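For reference, the structure is listed below as structure tokens.
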Amino acid sequence: MSPEIQVTVGGSVHVARAGITAGELLKLYGDGVRPIAARVNGQVVDLSRRIETDARVEPVAADSPEGVDILRHSTAHLMAQAVQALYPGTQVTIGPTIEDGFYYDFAPPRPFTVEDLPKIEAKMRELARADLKVERIEMDRDQAIALFDSMNEKYKVEIIRGIPEDRVSLYRQGDWIDLCRGPHVPSTRYLKAFKLTSVAGAYWRGDERNAMLSRIYGTAFPSTEELEEHLRLLEMARARDHRKLGREMELFFFDPIAPGSPFFLPKGALIYNQLIEYIRRLYRRYGFQEVITPQIFKNQLWRTSGHWDMFRENMFLTTDGENASGELDYGVKPMNCPSHCVMYRSEKRSYRDLPIRFADFGRLHRAERSGTLHGLTRVRAMSQDDAHIFCTEEQIAGEIDLNLQMVREVYQTLGFGDIELKLGTMPEKHLGLEQDWHQREELLAVAMRRHGFKFEINPGEGAFYGPKIEIYVPDALKRKWQVATIQLDFNMPERFELEYTASAGTEARPVMIHRAVLGTLERFIGVLLEHTGGILPFWLAPEQVRVLSLSEKVEGYAAEIAQVISAAGFRARADLRNEKLGFKVREAELARIPYMAVVGEREAASRGVSLRRLRGEKSQTLTLEGFVDLLKAEPLPC
RNA sequence: GCCGAUGUAGCUCAACGGUAGAGCAACUGACUUGUAAUCAGUAGGUUGCCAGUUCGAUUCUGGCCAUCGGCUCCA
């Protein structure tokens, strides 16, 4: 006879025999909703978990965050089972859940293609219908190693060898078994709403020196409705892809003649320059001085800065053709910092001069690996709203403050509510003492807290020369892109032997802060387009007003209005084409023009306009003066 | 760079071992228009590039280039 234990389920206490499973308890005393897992004393476990001591047991529903995670993880297992059934000789590696889904990496005899997916999916459905019980098995580590070794699963063996515990858990469904921490659904029948989405290559343990594995991505939801909703959202996100919008809105294009290097068309260049102008206005307020620096430097500069060793693979090298050996003795700049150091060094500096804030919109070129290029978000030719601050150690805190404030202002103005901040801390390869690092990391952390920013720690992700704050913004598909950055640098001033004369008359070394707010303008525009779906704030819209004429009779009046609005300082055009109004409205809507001024004979007679706003249903009638006033009331960022 | 896929008219896409077709855009004309597509006609392509197989390749094969989804790297 088993001893009795006290279990708390759903707020009430019950007496049960020890060894009863969590699933049985929830069935007896639960709220009737069928759970897919249980939470025992806060820990999520299988429903088959036996309860041996007094415990608090709660259900984990399929549609709870933990439930969805289990569902996806179990679906990944189901996929692996299907794959191994269909493609003998395929080894399994790892299969975690990710945001919105899961993946599983395999070492197959030949890489998978999208054509394999329907077959695998069909097999998965078959296995799900078979209602295979998912069992947890615990065994000694050595036993597990022997087992997977006998199955010729060498990746699994390697994984287990890396596990410190003596006991490991495995899960079995039908005749298929995998190493896994769990928990999982009780049986494959619980897996209904899933879909395999794509295949990709991925390196074993994420290291490109290792073997290339074949990864299959998929997703799963508690219900088919949710799955379909998710797929629908993905479809909608694709419509907001900045590459698509760039074409439709005639902002930029790419040509194979310059891979990774956007051509900004007039409208795109307008957005680009408006952003620069905005930042320039802020620079006046925040005390930055804009400078212009060279594009191409002798390699000596890169040797001094350290880019020669750290960044040469990503640099375009060139020559002026004058050295006899034909050696590529010049490099096109990938970053502005070295030239700002040269600029700093061009004069004797005093502590009274600091901080010095050099801002530079110079063009940068980076020889990014071809496979990494991605529209505007990953380019080879770019400009940044880059600046380098030279200051004393005591001034660091104040400078961080200043820049965080600017970051806050800019992202608020541009309507990004969901920026993410991260603190990159000391990497393994680093310069300087550990205690100095911690002190400087704390400086950054304190500043972020003071500004009310929440942030995550990105351990070991600082630059080798100092800790950094990174600011990320998601694109339409929720991929995060780093835009702004604030980095402390104690290395570059050293390499360039930068100095200033301190108040005591002695020479001291300044600290350098690298920072950008929008970051790379190309990337920022890409993210901004996806964020807004192309519906830009008025001041950034390439064409702000389009006057739509109704017939030839009002051509003159329409042209006059466009003229008046242009003269008032706005970007306006008249569409006098011989087309129906509906057609012109449609085109203006697709071009995402904030204001459409419709004029027909009524408006011409009263010297007014019928105003339609972008994505607006109703139109309103205004006088011409009233319209111009309305435009003037549009907020400018600063 | 690596794995997989894709590349046909300006754009979105068809078709096919026997030298390519639609819609939109462009151009011309008619219509004179009231808030997301008026009608008709015309023109537009060495099917990404280079080889190979074949009587014949846009189609099959290989190489290269670019792009897309990932990996790696990173703003």
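Summary table
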{"read-out": "Relative packing of peptides A:319-332, A:479-492 - highest average C-beta neighbours within 10 Å first", "value": "A:479-492, A:319-332"}
{"read-out": "Probe 1.4 Å, accessible area per residue of the range A:261-302, Å²", "value": "51"}
{"read-out": "Span from the the range A:507-540 Cα centroid across to the the range A:46-66 one, whole angstrom", "value": "47"}
{"read-out": "Amide H contacts under 5 Å for residue A:213, placed H, 5+ residues apart", "value": "A:202, A:203, A:204"}
{"read-out": "For the range A:543-572 and the range A:400-428, distance of Cα centres in Å", "value": "41"}
{"read-out": "Within the range A:426-468, trypsin sites (Lys or Arg not before Pro) in DSSP loop having at most 11 other beta-carbon neighbours inside 10 Å", "value": "A:429, A:454"}
{"read-out": "Amide H contacts of residue A:197 (H built 1.01 Å from N, under 5 Å, at least 5 apart or other chain)", "value": "A:217, A:218, A:219"}
{"read-out": "Cα lying deepest toward the dipole's positive end in the range A:4-60, options A:21, A:60, A:6, charges on Cβ", "value": "A:60"}
{"read-out": "Amide H within-cut-off set for residue A:104, under 5 Å, with H built and near neighbours excluded", "value": "A:216"}
{"read-out": "Listed residue pairs exceeding 18 Å between alpha carbons, taken from A:553/A:584; A:119/A:156; A:348/A:468; A:267/A:480; A:133/A:192; A:429/A:468", "value": "A:119/A:156; A:348/A:468; A:267/A:480"}
{"read-out": "Descending Cα extents along the principal axes, chain A, whole Å", "value": "94, 77, 56"}
{"read-out": "Per-residue HN-Hα couplings for the range A:92-108 [Karplus 6.51, -1.76, 1.60; θ = phi - 60°; Hz; x = Gly/Pro]", "value": "9, 10, 10, x, x, 8, 10, 4, 6, x, 7, 8, 9, 9, 10, 10, x"}
{"read-out": "Shape of the range A:339-410, Cα gyration tensor, a/c cut at 1.5", "value": "oblate"}
{"read-out": "Relative contact order [Cα under 8 Å, 6+ residues apart], the range A:400-534, whole percent", "value": "24"}
{"read-out": "In order through the range A:289-302: 3J(HN,Hα) via Karplus (6.51 cos²θ - 1.76 cosθ + 1.60), integer Hz, x for Gly, Pro", "value": "10, 7, 10, 10, 10, x, 9, 10, 10, 5, 4, 3, 4, 6"}
{"read-out": "Charge dipole (chain A, unit charges on Cβ, about Cα centre) - positive-most of A:197, A:145, A:605", "value": "A:605"}
{"read-out": "Filtered GluC sites (Glu not before Pro), the range A:38-101: DSSP coil and at most 13 other beta carbons within 10 Å", "value": "A:52, A:99"}
{"read-out": "Solvent-accessible area per residue, Å², over the range A:4-60 with all protein chains present [probe radius 1.4 Å]", "value": "54"}
{"read-out": "Packing rank of A:603-611, A:469-477, where each peptide gets the mean count of other beta carbons within 10 Å, highest leading", "value": "A:469-477, A:603-611"}
{"read-out": "Folded to 0 to 90 degrees: helix A:434-450 orientation relative to chain A principal axis, Cα", "value": "70"}
{"read-out": "Derived scalar couplings ³J(HN,Hα) [the range A:273-288; Karplus, 6.51 cos²θ - 1.76 cosθ + 1.60; whole Hz; x for Gly, Pro]", "value": "6, 5, 5, 4, 4, 4, 5, 4, 4, 5, 4, 4, 6, 8, x, 9"}
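The values are calculated or read from the model by the stated rules, or taken from the named source; none is laboratory data. All values derive from a computational prediction rather than experimental measurement. Cβ sites come from the backbone with ideal geometry, for glycine too, and all protein chains shown count toward neighbours. Accessible surface areas use protein heavy atoms only, side chains included; no ligands, DNA or RNA. Shrake-Rupley method; radii C 1.70, N 1.55, O 1.52, S 1.80 Å.
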